[in-house]
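Below: one structure, written as structure tokens.
Derivation of every value follows stated rules applied to the coordinates shown; laboratory data play no part. Because the structure is predicted, anything quoted here is derived from the model rather than measured. Methodologically, a virtual Cβ is constructed for each residue, glycine included, from the backbone with ideal geometry; neighbour enumeration extends over all protein chains shown.
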Amino acid sequence: MSLIAPVLLRVVRRVQPDLPLVDHTGRARHLHEWHGQHVLIGFIYTACPDAQACPMTTARMAQIQRAVPEGTPLRFLSLTLDPARDTPETLSAYAATHGADLSTWTFATGEPALMTDGLPSLFNVLSLPDADGTLDHTVKLTLIGPDGRHVAEWKDNAVSAGDVLAAMR
């Protein structure tokens, strides 16, 4: 039995369940909407003070979005780690500030337990609140394949459009 548990955990982490989200427009969304496409996922929160964390993750995703050839079946999904403060309106303003092309990029929030525990643990992202209201968290981008399985991940924003396109092949 002890050999089966680690295998099951890897399978659960590799196949993304269909979880309810709310996007930057307030519209209900589900992960299954992006099946059939690759999805580059980053975890952020809009009040992040660390220039090398959330702002850099968003900037890196914007660079990749601009560099990917038009028509590439790649979606971008930024998931907040701070659903209490990151309302759809806040996410929409953050997206505009960072030059996100919302035709292929969604910023999303959801139920607090899902956003602070469920989704981060599914993607092996750790997020810990500090006394001052900031969040210490893993900085990582994850590429999900058309079948909903993990394809690749990059830590500390060490990724380029070329890396993503190569992983999509």
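Taking label points 7 Å from Cα along the Cα-to-Cβ direction, E153 and L126 give a separation of 1.2 nm. One chain, two ends: T134 and A166. Fully extended at 0.36 nm per residue, the span grows by 8.1 nm beyond their Cα-Cα distance.
Each Cα pair under 8 Å and six or more residues apart adds its separation to the average, and for the chain the resulting relative contact order is 29 percent. Relative to the current alpha-carbon distance between R66 and H32, full extension at 0.36 nm per residue lengthens the span by 9.8 nm. Based on alpha-carbon atoms, the Kirkwood radius and the radius of gyration of the chain give Rg/Rh equal to 0.95. Annotation: for a label point projected 7 angstrom from Cα along Cα→Cβ of D50, residues of the stretch 139-154 with backbone N closer than 20 Å are 139-143, 153-154.
Looking at the stretch 104-169, the pairs of alpha carbons with a distance over 13 Å make up 72% of the total. Approximating the spin labels as points 7 Å out from Cα along Cα→Cβ, the A113-to-R85 distance works out to 2.4 nm.
Here is how the number arises for the chain: DSSP H runs of 4 or more residues each give -39500 (n - 2.57), the sum is divided by the residue count, and the result at 222 nm is -8000 deg cm²/dmol.
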